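Below is one structure; the comments refer to it alone.
Readers should treat all values here as calculations from the given coordinates under stated rules, not as data from a laboratory. This structure is a prediction, so every number in the text was calculated from the model and none was measured. Glycine also receives a Cβ, built like all others from the backbone with ideal geometry; neighbour counts cover every protein chain displayed.
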């Protein structure tokens, strides 16, 4: 069921790892129409104004409310900033995000890394996949695949890998 509502873009001043995030809130009464009884993170698809969304995580915000971050690229497309109103049309995305095919192919050659990868939560699988997919060049993607497989073979989740490499991740 597609739910339509208006939301105001907000921005965290100081909120730990979320400091500086721009986001909008999905009130509990709306989130319960999208996926009744849900209290944990889940994925949605739809539109923010004319920006198409697929596989976007709704993050619990307390009291049954959720939030969806709106990154710089999204804000640029929307031409909106903190305080602006957006029209949101969304529904649960039951399909989820596809995992990077080359990452999965390489993992199939590394049974221990694949076994650990399969044990991770879907969010951590998606972190690896998005991180590998982000660069535009095949060379950089291949380098990241090798780094990911090396970390997974050592039973490291995405955050541990990033901390070890002292890498600034994309969501900051």
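Between residue 120 and residue 142, the contour length at 0.36 nm per residue exceeds the Cα-Cα span by 5.8 nm. Between residue 18 and residue 4, residue separation times 0.36 nm minus the direct Cα-Cα distance comes to 2.4 nm.
For the residues 157, 65, 13, a GNM of the chain with alpha-carbon springs under 10 Å puts the largest fluctuation on 13.
Quick one: Kirkwood hydrodynamic radius for segment 3-92, alpha-carbon pairs, angstrom, one decimal?
Mean inverse Cα-Cα distance, inverted, gives 13.1 Å.
May I ask you to list the residues of segment 130-148 whose amide nitrogen lies under 14 Å from a point 7 Å from Cα along the Cα→beta-carbon direction of residue 156? Within reach of a label on residue 156: 144-148.
Put in order of Cβ neighbour count within 10 Å, fewest first, the listed residues 116, 77 become 77, 116. Each part gets one Cα centre, and for segment 135-166 versus segment 38-52 those centres are 28 Å apart.
Geometric descriptor of segment 101-165, per residue, is 74 Å³ (volume of the convex hull of the Cα atoms).
Between residue 33 and residue 77, what is the FRET efficiency for a Förster distance of 25 Å, r being their Cβ-Cβ separation, to the nearest 0.05?
0.45
Using helices alone, I'd like the mean residue ellipticity at 222 nm for the chain: each DSSP H run of four-plus residues gives -39500 (n - 2.57), total over residue count, nearest 500. Mean residue ellipticity, 222 nm, calculated: -11000 deg cm²/dmol. Evaluating kT/(6 pi eta Rh) at 20 °C and 1.002 mPa s, with the Kirkwood radius of the chain over Cα pairs in the Stokes-Einstein relation, gives 122 µm² s⁻¹.
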